[in-house]
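Here is the structure we will look at.
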Amino acid sequence: MGLKYIDAKMLQKAFLAGAKGLEAKKEWINELNVFPVPDGDTGTNMTMTIMSAAKEVAVIEDPTMESLAKAISSGSLRGARGNSGVILSQLFRGFTKEIAGADKVTTTILANSFVRAAETAYKAVMKPKEGTILTVAKGMADKAAELVTETEDVIEFCQKVIEHGDHVLSQTPEMLPVLKQAGVVDSGGQGLMQVMKGAFDCLMGKEVDVSLEVSARPGISAGADAPRTADIDIKFGYCTEFIINLEKPYDDKTEIDFKNYLESIGDSLVVVSDDDIVKVHVHTNDPGLAIQRALTYGSLSRMKIDNMREEHQEKLIKESEKLAEQQKAEREKRVQPRKPYGFISVSAGAGLDEIFRGIGADYLIEGGQTMNPSTEDMLNAIEQVNADTVYILPNNKNIILAAQQAKSLVEDKNVIVIPSKTIPQGITAIINFSADLSPEDNEKNMTEEMSKVKTGQITYAVRNTVIDDIEIREGDIMALGDNGILAVGKDIESTVLDSLQALIEEESELVTIYYGKDVTESAAKALKEKAEETFSACEVELHAGGQPIYYYLLSVE
(Lines give C-alpha, C1' and ligand atoms only; values in the text may rest on other atoms or scores of the structure.)
Protein backbone atom coordinates (compact mmCIF):
# COMPACT_ATOMS: atom_id res chain seq x y z
CA MET A 1 0.00 0.00 0.00
CA GLY A 2 1.58 3.27 -1.14
CA LEU A 3 0.72 6.74 0.13
CA LYS A 4 2.42 9.88 -1.20
CA TYR A 5 1.00 12.35 1.32
CA ILE A 6 -1.37 12.88 4.25
CA ASP A 7 -4.11 15.48 3.84
CA ALA A 8 -5.80 17.35 6.69
CA LYS A 9 -8.75 14.98 6.96
CA MET A 10 -6.44 11.97 7.15
CA LEU A 11 -4.25 13.67 9.74
CA GLN A 12 -7.27 14.54 11.86
CA LYS A 13 -8.40 10.92 11.90
CA ALA A 14 -4.86 9.60 12.47
CA PHE A 15 -4.32 11.92 15.45
CA LEU A 16 -7.59 10.82 17.03
CA ALA A 17 -6.65 7.19 16.41
CA GLY A 18 -3.29 7.82 18.09
CA ALA A 19 -5.08 9.30 21.10
CA LYS A 20 -7.38 6.29 21.34
CA GLY A 21 -4.40 3.96 20.94
CA LEU A 22 -2.75 5.54 23.96
CA GLU A 23 -5.95 5.53 25.97
CA ALA A 24 -6.41 1.80 25.35
CA LYS A 25 -2.99 1.05 26.87
CA LYS A 26 -3.20 3.60 29.69
CA GLU A 27 -3.27 1.19 32.64
CA TRP A 28 -0.57 -1.03 31.13
CA ILE A 29 1.70 2.00 30.82
CA ASN A 30 0.91 3.00 34.41
CA GLU A 31 2.17 -0.39 35.55
CA LEU A 32 5.58 0.28 33.97
CA ASN A 33 6.32 2.73 36.77
CA VAL A 34 9.80 1.95 38.14
CA PHE A 35 8.79 2.34 41.76
CA PRO A 36 6.04 -0.21 42.55
CA VAL A 37 3.86 2.35 44.36
CA PRO A 38 0.06 2.53 43.96
CA ASP A 39 0.17 5.76 42.01
CA GLY A 40 1.97 5.02 38.74
CA ASP A 41 0.42 7.65 36.53
CA THR A 42 2.44 8.08 33.32
CA GLY A 43 -0.28 6.47 31.21
CA THR A 44 -2.99 8.52 32.86
CA ASN A 45 -1.07 11.79 32.48
CA MET A 46 -0.21 11.22 28.83
CA THR A 47 -3.76 10.12 28.03
CA MET A 48 -5.33 13.16 29.68
CA THR A 49 -2.86 15.38 27.85
CA ILE A 50 -3.57 13.99 24.39
CA MET A 51 -7.31 13.77 25.05
CA SER A 52 -7.35 17.48 25.84
CA ALA A 53 -6.05 18.06 22.33
CA ALA A 54 -8.18 15.32 20.77
CA LYS A 55 -11.39 16.97 21.97
CA GLU A 56 -10.42 20.17 20.18
CA VAL A 57 -9.39 18.27 17.07
CA ALA A 58 -12.60 16.21 16.98
CA VAL A 59 -14.94 19.22 16.70
CA ILE A 60 -13.24 20.66 13.60
CA GLU A 61 -15.71 19.95 10.80
CA ASP A 62 -13.62 21.03 7.81
CA PRO A 63 -9.99 20.68 8.95
CA THR A 64 -6.99 22.43 7.50
CA MET A 65 -3.39 21.83 8.53
CA GLU A 66 -3.41 25.23 10.23
CA SER A 67 -6.57 24.57 12.25
CA LEU A 68 -5.34 21.09 13.24
CA ALA A 69 -1.95 22.45 14.27
CA LYS A 70 -3.56 25.08 16.47
CA ALA A 71 -5.95 22.59 18.10
CA ILE A 72 -3.26 19.96 18.74
CA SER A 73 -0.74 22.44 20.11
CA SER A 74 -3.11 24.54 22.22
CA GLY A 75 -5.14 21.61 23.53
CA SER A 76 -2.11 19.57 24.57
CA LEU A 77 -0.24 22.53 26.07
CA ARG A 78 -3.15 23.48 28.32
CA GLY A 79 -4.13 19.93 29.14
CA ALA A 80 -0.59 18.74 29.88
CA ARG A 81 -0.22 16.78 33.15
CA GLY A 82 2.93 15.41 34.70
CA ASN A 83 6.40 15.43 33.19
CA SER A 84 5.48 12.88 30.55
CA GLY A 85 2.38 14.86 29.55
CA VAL A 86 4.27 18.14 29.32
CA ILE A 87 6.99 16.52 27.19
CA LEU A 88 4.32 14.99 24.95
CA SER A 89 2.71 18.43 24.56
CA GLN A 90 6.09 19.89 23.59
CA LEU A 91 6.58 17.13 21.00
CA PHE A 92 3.20 18.06 19.53
CA ARG A 93 4.11 21.75 19.68
CA GLY A 94 7.26 21.21 17.62
CA PHE A 95 5.52 18.83 15.22
CA THR A 96 2.66 21.24 14.52
CA LYS A 97 4.97 24.19 13.83
CA GLU A 98 6.25 22.31 10.79
CA ILE A 99 2.88 21.17 9.42
CA ALA A 100 0.93 24.41 10.03
CA GLY A 101 1.91 26.01 6.73
CA ALA A 102 1.51 22.93 4.55
CA ASP A 103 -1.44 21.78 2.45
CA LYS A 104 -0.31 18.17 2.49
CA VAL A 105 2.18 16.31 4.66
CA THR A 106 4.84 14.44 2.68
CA THR A 107 7.72 12.35 3.98
CA THR A 108 9.94 15.45 3.81
CA ILE A 109 7.55 17.45 6.00
CA LEU A 110 7.13 14.47 8.31
CA ALA A 111 10.90 14.18 8.73
CA ASN A 112 11.23 17.89 9.50
CA SER A 113 8.31 17.63 11.93
CA PHE A 114 9.87 14.72 13.83
CA VAL A 115 13.18 16.57 14.11
CA ARG A 116 11.55 19.79 15.29
CA ALA A 117 9.37 17.89 17.74
CA ALA A 118 12.39 16.30 19.41
CA GLU A 119 14.31 19.58 19.48
CA THR A 120 11.39 21.44 21.06
CA ALA A 121 10.89 18.79 23.74
CA TYR A 122 14.58 18.67 24.65
CA LYS A 123 14.65 22.47 25.05
CA ALA A 124 11.67 22.33 27.42
CA VAL A 125 13.46 20.10 29.91
CA MET A 126 16.08 21.70 32.15
CA LYS A 127 18.25 18.59 32.43
CA PRO A 128 17.28 16.10 29.71
CA LYS A 129 17.87 12.51 30.73
CA GLU A 130 18.56 9.76 28.21
CA GLY A 131 16.64 6.51 28.44
CA THR A 132 13.33 8.37 28.52
CA ILE A 133 10.57 9.49 26.15
CA LEU A 134 13.03 12.13 24.89
CA THR A 135 15.46 9.45 23.73
CA VAL A 136 12.70 7.55 21.91
CA ALA A 137 11.52 10.76 20.21
CA LYS A 138 15.05 11.67 19.14
CA GLY A 139 15.68 8.14 17.86
CA MET A 140 12.62 8.37 15.62
CA ALA A 141 13.63 11.86 14.49
CA ASP A 142 17.10 10.63 13.51
CA LYS A 143 15.60 7.71 11.60
CA ALA A 144 13.12 10.02 9.87
CA ALA A 145 15.92 12.35 8.73
CA GLU A 146 17.78 9.33 7.33
CA LEU A 147 14.75 7.91 5.50
CA VAL A 148 13.71 11.14 3.79
CA THR A 149 16.25 10.55 1.02
CA GLU A 150 15.27 6.89 0.64
CA THR A 151 11.49 6.88 0.17
CA GLU A 152 8.53 9.11 -0.65
CA ASP A 153 6.02 6.49 0.52
CA VAL A 154 4.45 7.72 3.78
CA ILE A 155 3.47 4.19 4.82
CA GLU A 156 6.97 2.75 4.34
CA PHE A 157 8.46 5.82 6.00
CA CYS A 158 6.22 5.63 9.10
CA GLN A 159 6.61 1.87 9.43
CA LYS A 160 10.40 2.10 9.54
CA VAL A 161 10.33 5.08 11.93
CA ILE A 162 8.07 3.13 14.31
CA GLU A 163 10.22 0.01 14.08
CA HIS A 164 13.25 2.09 15.01
CA GLY A 165 11.29 3.74 17.82
CA ASP A 166 10.50 0.32 19.25
CA HIS A 167 14.18 -0.60 19.04
CA VAL A 168 15.25 2.56 20.88
CA LEU A 169 12.57 1.92 23.50
CA SER A 170 13.89 -1.61 24.03
CA GLN A 171 17.32 -0.11 24.75
CA THR A 172 16.14 2.33 27.43
CA PRO A 173 16.92 -0.14 30.27
CA GLU A 174 20.54 -0.12 29.08
CA MET A 175 20.61 3.68 29.41
CA LEU A 176 18.94 3.94 32.82
CA PRO A 177 20.07 1.33 35.37
CA VAL A 178 16.92 1.90 37.43
CA LEU A 179 14.84 0.65 34.48
CA LYS A 180 17.03 -2.39 33.99
CA GLN A 181 16.87 -3.31 37.66
CA ALA A 182 13.09 -2.97 37.69
CA GLY A 183 12.83 -4.99 34.46
CA VAL A 184 10.81 -2.39 32.53
CA VAL A 185 11.23 -0.05 29.58
CA ASP A 186 10.57 3.67 29.95
CA SER A 187 6.85 4.24 30.45
CA GLY A 188 6.81 7.63 28.70
CA GLY A 189 8.56 6.18 25.67
CA GLN A 190 6.08 3.33 25.61
CA GLY A 191 3.23 5.84 25.70
CA LEU A 192 4.68 7.73 22.74
CA MET A 193 4.94 4.50 20.75
CA GLN A 194 1.27 3.72 21.41
CA VAL A 195 0.33 7.10 19.94
CA MET A 196 2.47 6.38 16.87
CA LYS A 197 1.06 2.89 16.40
CA GLY A 198 -2.55 4.02 16.78
CA ALA A 199 -2.06 6.71 14.15
CA PHE A 200 -0.24 4.30 11.83
CA ASP A 201 -3.04 1.73 12.05
CA CYS A 202 -5.42 4.44 10.87
CA LEU A 203 -3.18 5.37 7.93
CA MET A 204 -3.05 1.68 7.01
CA GLY A 205 -6.82 1.66 6.67
CA LYS A 206 -7.51 -0.33 9.82
CA GLU A 207 -10.97 0.34 11.24
CA VAL A 208 -10.38 2.43 14.34
CA ASP A 209 -13.04 3.98 16.57
CA VAL A 210 -12.07 7.66 16.69
CA SER A 211 -15.32 8.93 18.19
CA LEU A 212 -14.97 11.11 21.26
CA GLU A 213 -17.46 12.57 23.69
CA VAL A 214 -17.12 16.30 23.17
CA SER A 215 -19.04 19.16 24.70
CA ALA A 216 -18.07 22.02 22.46
CA ARG A 217 -18.49 23.30 18.91
CA PRO A 218 -15.68 25.01 17.02
CA GLY A 219 -14.85 28.37 18.55
CA ILE A 220 -16.76 27.70 21.78
CA SER A 221 -15.02 26.61 24.94
CA ALA A 222 -16.15 23.43 26.61
CA GLY A 223 -16.98 25.40 29.71
CA ALA A 224 -19.35 27.69 27.85
CA ASP A 225 -21.14 25.02 25.86
CA ALA A 226 -21.08 22.01 28.17
CA PRO A 227 -24.47 20.74 29.37
CA ARG A 228 -25.13 21.63 32.97
CA THR A 229 -25.48 18.77 35.41
CA ALA A 230 -29.03 19.90 36.18
CA ASP A 231 -30.01 19.44 32.51
CA ILE A 232 -28.88 15.81 32.29
CA ASP A 233 -31.70 13.27 32.04
CA ILE A 234 -30.64 9.97 33.60
CA LYS A 235 -32.70 7.37 31.74
CA PHE A 236 -31.15 4.33 33.43
CA GLY A 237 -30.40 4.80 37.10
CA TYR A 238 -27.97 2.03 38.09
CA CYS A 239 -24.40 1.67 36.88
CA THR A 240 -23.89 -2.11 37.04
CA GLU A 241 -20.54 -3.86 36.73
CA PHE A 242 -19.43 -7.46 37.28
CA ILE A 243 -17.21 -10.23 35.99
CA ILE A 244 -18.59 -13.57 34.80
CA ASN A 245 -16.35 -16.53 35.58
CA LEU A 246 -17.43 -18.74 32.69
CA GLU A 247 -18.59 -22.26 33.53
CA LYS A 248 -20.58 -22.98 30.34
CA PRO A 249 -19.86 -22.63 26.61
CA TYR A 250 -19.68 -18.99 25.52
CA ASP A 251 -19.18 -18.58 21.77
CA ASP A 252 -19.65 -15.59 19.47
CA LYS A 253 -23.37 -16.24 19.06
CA THR A 254 -23.86 -16.46 22.81
CA GLU A 255 -22.05 -13.17 23.27
CA ILE A 256 -24.18 -11.46 20.62
CA ASP A 257 -27.36 -12.75 22.26
CA PHE A 258 -26.13 -11.59 25.67
CA LYS A 259 -25.29 -8.12 24.35
CA ASN A 260 -28.66 -7.83 22.61
CA TYR A 261 -30.41 -8.71 25.86
CA LEU A 262 -28.45 -6.14 27.87
CA GLU A 263 -29.17 -3.48 25.25
CA SER A 264 -32.87 -4.22 25.63
CA ILE A 265 -32.74 -3.36 29.34
CA GLY A 266 -30.18 -0.53 29.39
CA ASP A 267 -27.44 1.45 27.67
CA SER A 268 -23.73 2.41 27.98
CA LEU A 269 -22.97 -1.23 27.35
CA VAL A 270 -19.45 -2.66 27.47
CA VAL A 271 -18.92 -6.44 27.27
CA VAL A 272 -15.34 -7.70 26.98
CA SER A 273 -14.48 -11.41 26.74
CA ASP A 274 -11.05 -12.68 27.75
CA ASP A 275 -10.48 -16.46 27.83
CA ASP A 276 -12.60 -17.72 30.73
CA ILE A 277 -13.98 -14.41 32.01
CA VAL A 278 -16.37 -11.78 30.69
CA LYS A 279 -16.27 -8.20 32.00
CA VAL A 280 -19.65 -6.42 31.90
CA HIS A 281 -20.65 -2.78 32.33
CA VAL A 282 -24.25 -1.58 31.75
CA HIS A 283 -26.55 1.22 32.87
CA THR A 284 -30.00 -0.18 33.66
CA ASN A 285 -33.06 0.36 35.83
CA ASP A 286 -33.07 -3.28 36.93
CA PRO A 287 -29.60 -4.66 37.75
CA GLY A 288 -31.21 -7.92 38.83
CA LEU A 289 -32.20 -8.76 35.25
CA ALA A 290 -28.63 -8.32 34.03
CA ILE A 291 -27.30 -10.40 36.91
CA GLN A 292 -29.85 -13.19 36.40
CA ARG A 293 -28.94 -13.56 32.73
CA ALA A 294 -25.22 -13.47 33.54
CA LEU A 295 -25.64 -16.27 36.08
CA THR A 296 -26.75 -18.58 33.29
CA TYR A 297 -23.15 -18.48 31.98
CA GLY A 298 -21.24 -18.90 35.23
CA SER A 299 -20.51 -17.43 38.66
CA LEU A 300 -20.09 -13.69 39.27
CA SER A 301 -17.36 -11.67 41.01
CA ARG A 302 -16.37 -8.02 41.53
CA MET A 303 -19.98 -6.91 41.48
CA LYS A 304 -20.58 -3.16 41.77
CA ILE A 305 -23.89 -1.30 41.54
CA ASP A 306 -24.04 2.50 41.89
CA ASN A 307 -27.19 4.63 42.05
CA MET A 308 -26.41 7.30 39.45
CA ARG A 309 -29.44 9.42 40.31
CA GLU A 310 -28.24 9.68 43.90
CA GLU A 311 -24.73 10.52 42.71
CA HIS A 312 -26.29 13.06 40.34
CA GLN A 313 -28.00 14.85 43.24
CA GLU A 314 -24.79 14.88 45.25
CA LYS A 315 -22.94 16.32 42.27
CA LEU A 316 -25.60 19.02 41.87
CA ILE A 317 -25.12 20.07 45.48
CA LYS A 318 -21.33 20.12 45.16
CA GLU A 319 -21.50 22.10 41.90
CA SER A 320 -23.84 24.65 43.49
CA GLU A 321 -21.53 25.04 46.48
CA LYS A 322 -18.50 25.37 44.23
CA LEU A 323 -20.25 27.95 42.03
CA ALA A 324 -21.25 29.97 45.11
CA GLU A 325 -17.65 29.91 46.35
CA GLN A 326 -16.34 30.98 42.94
CA GLN A 327 -18.84 33.83 42.71
CA LYS A 328 -17.95 34.98 46.22
CA ALA A 329 -14.25 34.86 45.38
CA GLU A 330 -14.85 36.83 42.18
CA ARG A 331 -16.79 39.50 44.09
CA GLU A 332 -14.05 39.79 46.69
CA LYS A 333 -11.42 39.89 43.97
CA ARG A 334 -13.14 42.82 42.22
CA VAL A 335 -13.33 44.95 45.35
CA GLN A 336 -9.88 44.21 46.76
CA PRO A 337 -6.79 46.03 45.50
CA ARG A 338 -4.13 43.97 43.78
CA LYS A 339 -1.56 42.57 46.22
CA PRO A 340 2.19 42.70 45.63
CA TYR A 341 2.48 38.91 45.98
CA GLY A 342 0.43 35.73 46.35
CA PHE A 343 0.93 31.98 46.66
CA ILE A 344 -0.47 28.94 44.86
CA SER A 345 0.23 25.53 46.36
CA VAL A 346 -0.56 22.02 45.23
CA SER A 347 -1.96 20.04 48.15
CA ALA A 348 -3.58 16.68 48.89
CA GLY A 349 -5.58 16.17 52.06
CA ALA A 350 -7.72 18.36 54.34
CA GLY A 351 -5.03 18.64 57.01
CA LEU A 352 -2.37 19.74 54.53
CA ASP A 353 -4.84 22.22 53.01
CA GLU A 354 -5.34 23.78 56.43
CA ILE A 355 -1.59 23.98 57.02
CA PHE A 356 -0.95 25.71 53.68
CA ARG A 357 -3.76 28.20 54.24
CA GLY A 358 -2.42 28.89 57.71
CA ILE A 359 1.03 29.84 56.40
CA GLY A 360 -0.26 32.11 53.64
CA ALA A 361 -1.33 30.12 50.56
CA ASP A 362 -3.96 32.11 48.59
CA TYR A 363 -5.09 29.28 46.33
CA LEU A 364 -4.82 25.51 46.63
CA ILE A 365 -4.83 23.09 43.72
CA GLU A 366 -5.91 19.59 44.61
CA GLY A 367 -3.36 17.13 43.33
CA GLY A 368 -0.21 15.18 43.93
CA GLN A 369 1.00 11.74 42.92
CA THR A 370 -2.44 10.28 42.28
CA MET A 371 -3.64 13.19 40.16
CA ASN A 372 -1.22 15.67 38.62
CA PRO A 373 -2.91 19.01 37.89
CA SER A 374 -2.75 20.24 34.31
CA THR A 375 -1.23 23.38 32.86
CA GLU A 376 -4.81 24.64 32.49
CA ASP A 377 -5.38 24.08 36.23
CA MET A 378 -2.30 26.18 36.91
CA LEU A 379 -3.47 28.95 34.58
CA ASN A 380 -6.87 29.05 36.27
CA ALA A 381 -5.21 29.29 39.68
CA ILE A 382 -2.94 32.13 38.52
CA GLU A 383 -6.01 33.98 37.26
CA GLN A 384 -7.65 33.66 40.68
CA VAL A 385 -4.72 35.12 42.63
CA ASN A 386 -4.96 38.91 42.43
CA ALA A 387 -1.28 39.73 42.82
CA ASP A 388 1.60 41.25 40.85
CA THR A 389 3.93 38.34 41.64
CA VAL A 390 2.53 34.83 42.02
CA TYR A 391 4.65 32.04 43.52
CA ILE A 392 3.69 28.47 42.55
CA LEU A 393 4.66 25.54 44.78
CA PRO A 394 4.18 22.28 42.79
CA ASN A 395 5.26 20.10 45.77
CA ASN A 396 5.87 17.19 43.42
CA LYS A 397 8.63 16.65 40.87
CA ASN A 398 6.04 15.46 38.34
CA ILE A 399 4.14 18.78 38.49
CA ILE A 400 7.03 21.23 38.11
CA LEU A 401 7.07 21.15 34.28
CA ALA A 402 3.32 21.87 34.07
CA ALA A 403 3.79 24.85 36.39
CA GLN A 404 6.68 26.15 34.29
CA GLN A 405 4.62 25.69 31.14
CA ALA A 406 1.79 27.72 32.69
CA LYS A 407 4.28 30.44 33.62
CA SER A 408 5.35 30.74 29.97
CA LEU A 409 1.74 31.39 28.93
CA VAL A 410 1.07 34.25 31.40
CA GLU A 411 1.84 37.84 30.41
CA ASP A 412 0.10 40.10 32.96
CA LYS A 413 1.72 38.74 36.13
CA ASN A 414 5.20 37.84 37.30
CA VAL A 415 4.96 34.08 37.91
CA ILE A 416 7.73 32.37 39.85
CA VAL A 417 7.83 28.57 40.11
CA ILE A 418 9.58 27.40 43.26
CA PRO A 419 10.63 23.83 42.28
CA SER A 420 9.41 22.08 45.43
CA LYS A 421 9.35 18.32 44.95
CA THR A 422 7.56 17.37 48.17
CA ILE A 423 4.94 18.78 50.54
CA PRO A 424 7.51 19.45 53.32
CA GLN A 425 9.68 21.37 50.87
CA GLY A 426 6.69 23.51 49.87
CA ILE A 427 5.84 24.27 53.50
CA THR A 428 9.44 25.29 54.22
CA ALA A 429 9.55 27.47 51.10
CA ILE A 430 6.49 29.53 52.10
CA ILE A 431 7.66 29.87 55.69
CA ASN A 432 10.94 31.36 54.44
CA PHE A 433 9.26 34.00 52.26
CA SER A 434 10.03 37.57 53.33
CA ALA A 435 7.92 40.55 52.25
CA ASP A 436 11.00 42.76 52.55
CA LEU A 437 12.91 40.92 49.83
CA SER A 438 12.57 41.34 46.06
CA PRO A 439 10.86 38.57 44.08
CA GLU A 440 14.23 37.44 42.76
CA ASP A 441 15.80 37.33 46.23
CA ASN A 442 12.79 35.49 47.61
CA GLU A 443 13.00 32.92 44.83
CA LYS A 444 16.65 32.32 45.65
CA ASN A 445 16.11 32.22 49.43
CA MET A 446 13.02 29.97 49.33
CA THR A 447 14.72 27.53 46.96
CA GLU A 448 17.87 27.39 49.09
CA GLU A 449 16.00 26.85 52.34
CA MET A 450 13.75 24.09 51.03
CA SER A 451 16.79 22.26 49.63
CA LYS A 452 17.90 21.73 53.23
CA VAL A 453 14.75 19.70 53.99
CA LYS A 454 15.01 15.91 53.71
CA THR A 455 11.80 14.05 52.98
CA GLY A 456 10.45 10.55 53.43
CA GLN A 457 7.16 9.19 52.03
CA ILE A 458 5.70 5.97 53.39
CA THR A 459 3.47 3.84 51.17
CA TYR A 460 3.08 0.19 50.05
CA ALA A 461 4.36 -1.84 47.10
CA VAL A 462 1.92 -3.03 44.44
CA ARG A 463 4.22 -5.56 42.76
CA ASN A 464 7.47 -7.47 43.20
CA THR A 465 10.65 -5.80 42.00
CA VAL A 466 14.27 -5.00 42.84
CA ILE A 467 15.42 -1.37 43.26
CA ASP A 468 18.86 -0.24 44.43
CA ASP A 469 19.63 -3.95 45.07
CA ILE A 470 16.72 -4.04 47.54
CA GLU A 471 14.20 -6.84 46.96
CA ILE A 472 10.64 -5.58 47.29
CA ARG A 473 7.59 -7.82 47.52
CA GLU A 474 3.98 -6.90 46.81
CA GLY A 475 2.42 -5.55 50.02
CA ASP A 476 5.73 -4.45 51.58
CA ILE A 477 5.85 -1.06 53.24
CA MET A 478 8.20 1.29 51.38
CA ALA A 479 9.85 4.54 52.40
CA LEU A 480 10.75 6.73 49.43
CA GLY A 481 13.37 9.42 49.97
CA ASP A 482 14.48 12.36 47.87
CA ASN A 483 16.95 10.19 45.96
CA GLY A 484 15.59 6.65 46.16
CA ILE A 485 14.51 3.98 48.62
CA LEU A 486 15.08 4.74 52.30
CA ALA A 487 13.71 1.54 53.80
CA VAL A 488 11.48 -1.47 53.12
CA GLY A 489 9.65 -3.40 55.82
CA LYS A 490 6.65 -5.49 56.74
CA ASP A 491 4.92 -3.00 59.05
CA ILE A 492 4.40 0.75 58.92
CA GLU A 493 5.85 1.84 62.26
CA SER A 494 9.19 0.05 61.97
CA THR A 495 9.61 1.24 58.37
CA VAL A 496 9.01 4.84 59.46
CA LEU A 497 11.61 4.53 62.21
CA ASP A 498 14.10 2.93 59.80
CA SER A 499 13.59 5.72 57.29
CA LEU A 500 14.05 8.39 59.99
CA GLN A 501 17.28 6.64 60.95
CA ALA A 502 18.42 7.08 57.34
CA LEU A 503 17.34 10.74 57.20
CA ILE A 504 18.53 12.08 60.56
CA GLU A 505 22.10 13.34 60.83
CA GLU A 506 24.09 14.77 63.72
CA GLU A 507 23.02 18.34 62.95
CA SER A 508 19.31 17.49 62.48
CA GLU A 509 17.04 19.37 64.88
CA LEU A 510 13.40 18.98 63.82
CA VAL A 511 11.36 16.00 62.66
CA THR A 512 7.84 16.67 61.36
CA ILE A 513 5.41 13.82 60.76
CA TYR A 514 2.23 14.25 58.68
CA TYR A 515 -0.13 11.28 58.94
CA GLY A 516 -2.46 10.30 56.12
CA LYS A 517 -6.15 9.53 55.91
CA ASP A 518 -5.58 5.78 56.35
CA VAL A 519 -3.79 6.23 59.69
CA THR A 520 -5.64 6.65 62.99
CA GLU A 521 -4.74 9.51 65.32
CA SER A 522 -3.87 7.04 68.09
CA ALA A 523 -1.44 5.14 65.82
CA ALA A 524 0.17 8.42 64.76
CA LYS A 525 0.59 9.55 68.37
CA ALA A 526 2.14 6.22 69.29
CA LEU A 527 4.59 6.59 66.41
CA LYS A 528 5.47 10.11 67.56
CA GLU A 529 6.30 8.81 71.04
CA LYS A 530 8.52 6.08 69.57
CA ALA A 531 10.28 8.66 67.39
CA GLU A 532 10.88 10.91 70.40
CA GLU A 533 12.37 8.02 72.35
CA THR A 534 14.56 6.85 69.47
CA PHE A 535 15.72 10.28 68.31
CA SER A 536 15.82 12.21 71.56
CA ALA A 537 18.15 14.89 70.18
CA CYS A 538 15.42 16.07 67.79
CA GLU A 539 12.15 17.85 68.41
CA VAL A 540 9.28 15.82 66.91
CA GLU A 541 6.07 17.44 65.64
CA LEU A 542 2.92 15.61 64.51
CA HIS A 543 0.23 16.94 62.13
CA ALA A 544 -2.85 15.43 60.53
CA GLY A 545 -2.18 15.63 56.79
CA GLY A 546 -5.10 13.59 55.49
CA GLN A 547 -3.16 12.68 52.34
CA PRO A 548 -4.19 9.56 50.34
CA ILE A 549 -1.85 6.72 49.32
CA TYR A 550 0.95 7.76 51.68
CA TYR A 551 0.58 6.66 55.32
CA TYR A 552 3.11 9.25 56.46
CA LEU A 553 5.09 12.16 55.07
CA LEU A 554 8.31 12.83 56.96
CA SER A 555 10.36 15.99 57.13
CA VAL A 556 13.80 16.31 58.71
CA GLU A 557 15.53 19.68 59.12
What residue, of VAL168, VAL161, VAL154, VAL178, is within 24 Å of ILE399 (Cβ to Cβ) and not assigned by TED's automatic domain parsing to the domain that holds GLY484?
-> VAL178
Here the qualifying pairs (Cβ atoms under 6 Å; residues six or more apart or on different chains; first in region 132-143 and in the same structural domain as PHE95 (by TED's automatic domain parsing) and aliphatic (A, V, I, L, M); second at pLDDT below 95 and outside any helix (DSSP H, G or I)) come out as LEU134/PRO128
Checking GLY298, GLY288 in turn, the sole residue that is surrounded by 11 or more Cβ atoms within 10 Å (Cβ to Cβ) and in contact (Cβ under 8 Å) with a residue 12 or more places away in the chain turns out to be GLY298
Can you name every residue in region 527-557 that is crowded, with 16+ Cβ neighbours inside 10 Å, small (Gly, Ala, Ser) and not in a strand (DSSP E or B)?
-> ALA531, GLY545, GLY546
Of the conditions (1) buried (at least 16 other Cβ atoms within 10 Å of the Cβ); (2) at pLDDT below 75, VAL278 fails just one. Which one is it?
-> (2)
Within region 256-275, can you find the residues that are surrounded by fewer than 17 Cβ atoms within 10 Å (Cβ to Cβ) and among the aromatic types (Phe, Trp, Tyr)?
-> TYR261
Report yes if MET371 is aliphatic (A, V, I, L, M), closer than 19 Å to GLY360 by Cα and at pLDDT below 95, otherwise no.
-> no
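Evaluate region 512-532: report whether one residue or more is of a type in the set (Asp, Glu) and touching a strand residue (DSSP E or B) at 6+ places or on another chain (Cβ under 8 Å).
Checking region 512-532: at least one residue is of a type in the set (Asp, Glu) and touching a strand residue (DSSP E or B) at 6+ places or on another chain (Cβ under 8 Å).
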So, of the residues in region 336-351 that are of a type outside the set (A, V, I, L, M, F, W, C) and free of Cβ contacts under 8 Å to residues at least 60 places away in the same chain, which turns out to be surrounded by the fewest Cβ atoms within 10 Å (Cβ to Cβ)?
-> PRO337
Could you list, in sequence order, all residues of region 508-554 that are without any contact (Cβ under 8 Å) to a residue 12 or more places away in the chain and either in the same structural domain as ALA350 (by TED's automatic domain parsing) or closer than 22 Å to GLY484 by Cβ (or both)?
-> none
Mind listing just one residue for me: the one in region 93-145 that is more than 17 Å from MET175 (Cβ to Cβ) and of a type in the set (S, T, N, Q) and, of those, surrounded by the fewest Cβ atoms within 10 Å (Cβ to Cβ)?
-> THR108
Residue check for LEU179: assigned to a helix (DSSP H, G or I), touching a Pro at 6+ places or on another chain (Cβ under 9 Å) and surrounded by 15 or more Cβ atoms within 10 Å (Cβ to Cβ) = yes
Residues located in region 511-543, provided they are closer than 17 Å to THR428 by Cα and within 33 Å of the chain's Cα centre (by Cα) | VAL511, THR512, ILE513, TYR514, GLU541, LEU542, HIS543
Has region 30-37 got at least one residue that is assigned to a helix (DSSP H, G or I) and either crowded, with 24+ Cβ neighbours inside 10 Å or aromatic (Phe, Trp, Tyr) (or both)?
-> no
Being surrounded by fewer than 17 Cβ atoms within 10 Å (Cβ to Cβ) and among the hydroxyl-bearing types (Ser, Thr, Tyr) is the filter; apply it to region 511-526 and report the residue that is farthest from ILE458 (Cα to Cα).
-> SER522
Does region 427-440 contain any residue that is of a type in the set (Phe, Trp, Tyr) and either in the same structural domain as LEU510 (by TED's automatic domain parsing) or crowded, with 21+ Cβ neighbours inside 10 Å (or both)?
-> no
Which listed residue, of GLU319, GLU330, GLU325, is surrounded by 13 or more Cβ atoms within 10 Å (Cβ to Cβ) and either modelled with pLDDT of 95 or more or not assigned by TED's automatic domain parsing to the domain that holds THR422 (or both) = GLU319
Sort through ILE467, ILE382 and tell me the only one that's among the aliphatic types (A, V, I, L, M) and over 29 Å from ILE504 (Cα atoms).
-> ILE382
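The values are calculated or read from the model by the stated rules, or taken from the named source; none is laboratory data. Only a predicted model underlies this, so the values are computations on that prediction, with no experimental measurement involved. Please note: Cβ atoms are built from the backbone with ideal geometry, for glycine as well, and neighbour counts cover all protein chains shown.
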